[in-house]
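What follows is a set of notes on a single structure, which appears directly below.
The values are calculated or read from the model by the stated rules, or taken from the named source; none is laboratory data. Keep in mind the model is a prediction, meaning the values are calculated, not measured. Quick reminder, even Gly has a Cβ in these numbers, built from the backbone with ideal geometry, and neighbours come from all protein chains shown. Calculation scope for accessible area: heavy atoms of the full protein, side chains included, ligands and nucleic acids excluded. Shrake-Rupley method; radii C 1.70, N 1.55, O 1.52, S 1.80 Å.
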Amino acid sequence: VAELNKTAAVVPESTALVPAPVDIANKLRYLFGRNGDYTVADAYQGTSWSVREKLIDSFNKTHEHWKKEDPKFIYYLSAEFLMGRSLINTVYNLGLEGEYAEALNQLGYEMEKVADAERDAALGNGGLGRLAACFLDSMATLDLPGWGYGIRYKYGMFKQALRNGYQVELPDIWLTKGNPWELRRDDVKFEVGFGGRVERRKQGSKEITVWTPSEKVIAQAYDNPIPGFNTPTTSNLRLWDAVPLTEFDLSAFNAGDYDRAMLERERAEGISAVLYPNDSTPEGKELRLKQQYFFVCASLQDVLSRFKAVHGNNFDLLPEKACFQLNDTHPTIAVAELMRLLLDVEGLDWDKVWTITTKCLNYTNHTVMPEALEKWPVKVMAKMLPRHMEIIEVINEGWTKWLGGHLKDLAPEERAKRIAAMSIIHENPWNKEEMLVNMAYLAVVGSSAVNGVAAIHSNIVKDEILNDFYQIFPSKFQNKTNGVTPRRWLAWCNPELASLITDTLGTSEWINDTEKLAGLRAYASDKAFQAKWAAVKKAKKAKLAELIKKVHGDEVNPNALFDIQIKRIHEYKRQYLNVLSIIWRYKQLKKMSPEERKKAVARVCVIGGKAASAYDMAKRIIRLVTAVGDVINKDPETKDYLRLYFLPDYNVSLAETIIPAAELSQHISTAGTEASGTSNMKFQMNGCLIIGTWDGANIEIAEETGIDNVFVFGVRAEEINQLRKERKNLKTDPRWDELMRDIEGGMFGDKDYFKPLVDSVNNMKVGNDWFLLANDFASYLKAQEDVDACYKDQSEWLRRSIMYTAGSGKFSSDRTIREYAEDIWHVTPSRPTA
Ligand code: B1H
């Protein structure tokens, strides 16, 4: 054990002494080993390594404070954290933007260009991962003691490129140039085991259980400091990297074992190598379960070791000091792992451990898609995690027995049916030979609170997906409507709008208290204010136009309506419906005389999003977008009035450019399928009008914005089941039939490739239009006409735009996190002194 050198800590922090320009220049000099000739990418590195030190000063103070105070902590366990870039966010959250912009200017650089050299940290798929990132920002901003825990994937979300209009996937190599935003903790590592056998042994009068894994890896901690805004608090996201044991055990490295040791390394590193790119539908691969257990096991050991350092073995106190939020079912193995650690390692007895475990855990459901509810084959789990499988079996025995008692008044047959339906371990309905562990059921039984992510979604969770459980534990079920951080998604990505808001409200307090945005309502009809509002939007549209020019080489009309749909490509999100309406618009324009066309509202349509690599239908949808774009954008008759561009590699940074420029955004999922959506909130904050279905958070956004200000269309969630049954008898709209014939007939080429797309919604023998595009088609076109009419009245359009931002107060993740803190976590703020 190295002796601590306590004297170093009394030296003043260097960041307080060295002015930013000198510090950046020094960083450049010593990072790159030359004086001058730095690229913009170098300047990014130099700046970041300088900012990093200020961040770490704040991190250190916060954690010294929390160590002293020992408050209750919330641990947000998530397989995904979609952080995006850090430089701008860190500089702004720490209040250093003036200092660093000025320093860079002195050195001959521009902050915006330098920031643009940063690669996104894309350790997430989409909304679920980005929500986790917004939550960390809010937790720090609200001074809530809390950390995120996840995986440090070597390769994050793949990069998407287009080749001849088709998606191709490229690896996301994001760590090669080093990551200034992380801190490797060489003193924080834990063993994680897999496989092997479980035995009972006598220990005195007691029988103990010993799990001897056949395979072990080390989880190495990396800390990613998370700065709050307008507070001295900087919290932490701790990510685990998987490394082989042999690196720490050189004696195993004898000559004869060299190649085996290298294979070991690959096997270990494989665990944290790559993020599964399947938004919504989990991959049932063994490696995925390994990833889940890997980070949960390391995180729980880490929390328990800190707890024990302060409270010894007083584990009754654990629920008062630690609370875990399971971000979807992905970390649900935590139920069994916390049980195992307290039972087998700490030697507590079952009942006590069960009480502690259920008090500490809470579960958020994010999806209603039945295929997305994770179920692991008992066979797979028993082989990889034999002790956990045993524990889950015992939990399930206790649970079903308890249920039997609870349901004693039911007729025996009915009771047996109900118990079977709620058993954590059940048959695979598609393969009676196979038994499955239902992770959502395990999460519900093992948690204190279960929540959905928007009002309608939480009701669907209660009334449908987990209705049996809701009937048994009504008070466990809650709603926590999602939110997004107003820092990244308004103040930092749209500084022009932010200053207009601040000037108008006479304060910038809205950045911490978004309810204050309601003050903008008073200006919604004010012509002078509308003109300023419009000027900001115009400037942001010009930036997006520049980007389109860069990617596609085309100039677009800056006065056209910018109509955007950006999100993962999925049938339920219905990008296809959007394309159909664009084709319809194109055909109408073609029929018009040049004079008539001049009266039409010009539109620039942008679609962006990644398709999971194995999601065939989604890839065909992307190709349809690019194929339709190829025809429309070249047509000399219509190209002044309609464009369609697919923007490749949609990610957090691209969203930060697109969203402020959007005038209309599309959130058109089949009612009852999108749990919440969060980009809808980001668009709303930036004064972008919404065309959308009565689904997810759209509903609450419409309520806050004024329902008449939103272009709502389509059937309601309650009707869906019935309409699905009747879909084959639906008399489709003649315009729909025409479009189907057009695509099938090769109007956009690639006939054969598009055939399955047409069949999926139009041939009831092949596809069955599960997401009811045909049912919503006519009302969607009508809503689009309403959009055009409204856009022609610019003053009305601007009034609505202002009403969106004014109504977005509820959708700050600060509000969401406050609700979690009060209703579920019971954690309170603890702020270090500045
Ligand atoms: C959401 C996911 C998801 N729901 C499985 N479920 C994944 C499921 O890789 N996997 O296995 C990845 C992601 N993601 C999204 O969560 C919902 O679709 C959105 O509606 C919601 O806004 C978001 C945040 O709550």
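Please pick out the residue among 531, 560, 535, 522 that is hydrophobic (A, V, I, L, M, F, W, C) and touching a residue at least 40 places away in the same chain (Cβ under 8 Å).
Exactly one residue qualifies, and that residue is 560.
Does segment 321-349 hold any residues that are within 16 Å of the ligand (Cβ to nearest atom), in a loop (DSSP other than H, G, I, E, B) and hydrophobic (A, V, I, L, M, F, W, C), and which are they?
Of everything in segment 321-349, just one residue is within 16 Å of the ligand (Cβ to nearest atom), in a loop (DSSP other than H, G, I, E, B) and hydrophobic (A, V, I, L, M, F, W, C), namely 333.
Go through segment 778-834 residue by residue and tally those that are at negative phi and outside any helix (DSSP H, G or I).
Residues meeting the conditions: 12.
Looking at the structure I just gave you, is residue 671 farther than 24 Å from residue 538 by Cβ, without any contact (Cβ under 8 Å) to a residue 60 or more places away in the chain and within 16 Å of the ligand (Cβ to nearest atom)?
yes
Are any residues in segment 793-811 touching a helix residue (DSSP H, G or I) at 6+ places or on another chain (Cβ under 6 Å) and basic (Lys, Arg), and if so, which ones?
800, 810
Consider residue 165 carefully, then state whether it is touching a strand residue (DSSP E or B) at 6+ places or on another chain (Cβ under 9 Å) and under 20 Å from residue 344 (Cα atoms).
no
I'm trying to understand the selection: among the residues of segment 122-141, which are away from the ligand (no atom under 12 Å from the Cβ) and either in a loop (DSSP other than H, G, I, E, B) or within 14 Å of the chain's Cα centre (by Cα) (or both)?
Those that are away from the ligand (no atom under 12 Å from the Cβ) and either in a loop (DSSP other than H, G, I, E, B) or within 14 Å of the chain's Cα centre (by Cα) (or both): 122, 136, 137.
In the set 280, 305, 299, which member is open to solvent by 10 Å² or more (accessible area, probe 1.4 Å) and either away from the ligand (no atom under 16 Å from the Cβ) or without any contact (Cβ under 8 Å) to a residue 40 or more places away in the chain (or both)?
305
With respect to residue 287, determine if the residue is within 16 Å of the ligand (Cβ to nearest atom), assigned to a helix (DSSP H, G or I) and free of Cβ contacts under 8 Å to residues at least 40 places away in the same chain.
Considered against the rule, which asks whether it is within 16 Å of the ligand (Cβ to nearest atom), assigned to a helix (DSSP H, G or I) and free of Cβ contacts under 8 Å to residues at least 40 places away in the same chain, residue 287 comes out as yes.
In contact with a strand residue (DSSP E or B) (Cβ under 9 Å, 6 or more places away or on another chain), more than 30 Å from residue 512 (Cα to Cα) and open to solvent by less than 40 Å² (accessible area, probe 1.4 Å), is that true of residue 239?
no
Please pick out the residue among 620, 597, 585, 568 that is under 26 Å from the mean Cα position of the chain (by Cα), in a helix (DSSP H, G or I) and over 18 Å from residue 686 (Cβ atoms).
620
Take residue 397 and decide whether it is touching a residue at least 12 places away in the same chain (Cβ under 8 Å) and in a helix (DSSP H, G or I).
No.
I need a count of the residues in segment 445-467 that are among the hydroxyl-bearing types (Ser, Thr, Tyr) and more than 14 Å from the ligand (Cβ to nearest atom).
Here the count works out to 2.
Sort out which residues of segment 142-183 are β-branched (Val, Ile, Thr) and either assigned to a loop (DSSP other than H, G, I, E, B) or buried (at least 20 other Cβ atoms within 10 Å of the Cβ) (or both), and write them in order of number.
Hits for segment 142-183 are 151, 176.
Looking at (1) open to solvent by less than 10 Å² (accessible area, probe 1.4 Å); (2) more than 24 Å from residue 127 (Cα to Cα); (3) among the small types (Gly, Ala, Ser), which is the one condition that is false for residue 609?
The single condition residue 609 does not satisfy is (2).
If you go through segment 624-653, how many residues are part of a helix (DSSP H, G or I) and open to solvent by 30 Å² or more (accessible area, probe 1.4 Å)?
Qualifying residue count, segment 624-653: 3.
Could you please find all residues in segment 100-145 being hydroxyl-bearing (Ser, Thr, Tyr) and either within 18 Å of residue 223 (Cα to Cα) or in the same structural domain as residue 224 (by TED's automatic domain parsing) (or both)?
Passing the criteria: 138, 141.
Would you mention how many residues in segment 717-751 are farther than 12 Å from residue 583 by Cα and part of a loop (DSSP other than H, G, I, E, B)?
Going through segment 717-751 one residue at a time, the tally reaches 8.
Only one residue in 659, 691 is outside any loop (DSSP other than H, G, I, E, B), touching a residue at least 60 places away in the same chain (Cβ under 8 Å), within 16 Å of the ligand (Cβ to nearest atom) and among the hydrophobic types (A, V, I, L, M, F, W, C), so which one is that?
Just one listed residue meets the conditions, 659.
Please give the number of the condition residue 775 fails out of (1) more than 22 Å from residue 724 (Cα to Cα); (2) open to solvent by 30 Å² or more (accessible area, probe 1.4 Å); (3) at pLDDT 95 or above.
It fails just one condition, (1).
If you scan segment 350-376, which residues turn out to be more than 16 Å from the ligand (Cβ to nearest atom) and touching a Pro at 6+ places or on another chain (Cβ under 8 Å)?
356, 359, 360
Residue check, residue 68 against (1) over 20 Å from residue 133 (Cβ atoms); (2) in contact (Cβ under 8 Å) with a residue 40 or more places away in the chain, all met but one. Which one?
(2)
So, in segment 451-466, exactly how many residues are within 8 Å of residue 675 (Cβ to Cβ) and either among the hydrophobic types (A, V, I, L, M, F, W, C) or touching a helix residue (DSSP H, G or I) at 6+ places or on another chain (Cβ under 6 Å) (or both)?
Total satisfying the criteria: 3.
Does segment 489-507 contain any residue that is within 16 Å of the ligand (Cβ to nearest atom), of a type outside the set (Asp, Glu) and open to solvent by less than 50 Å² (accessible area, probe 1.4 Å)?
Yes: one or more hits.
Among the residues of segment 249-275, write down those that are at pLDDT below 75 and more than 40 Å from the chain's Cα centre (by Cα).
Those that are at pLDDT below 75 and more than 40 Å from the chain's Cα centre (by Cα): 251, 252, 253, 254, 255, 256.
Give all pairs with beta carbons closer than 9 Å in which a residue from segment 714-733 that is among the polar types (S, T, N, Q) meets a residue that is open to solvent by less than 30 Å² (accessible area, probe 1.4 Å) and assigned to a helix (DSSP H, G or I); count only pairs at least 6 apart in sequence or on separate chains.
Cβ pairs passing all conditions: 732/740; 732/774; 732/777.
Condition check: acidic (Asp, Glu), open to solvent by less than 50 Å² (accessible area, probe 1.4 Å) and either in contact (Cβ under 8 Å) with a residue 12 or more places away in the chain or assigned by TED's automatic domain parsing to the domain that holds residue 521 (or both). Does residue 759 satisfy that?
So residue 759 fails the test.
Starting from segment 352-364, take each residue that is under 13 Å from residue 444 (Cα atoms) and modelled with pLDDT under 95 and list its partners that are open to solvent by 30 Å² or more (accessible area, probe 1.4 Å) and within 16 Å of the ligand (Cβ to nearest atom), counting only C-beta distances under 6 angstrom and pairs at least six apart or across chains.
Filtered contacts from segment 352-364: no entries.
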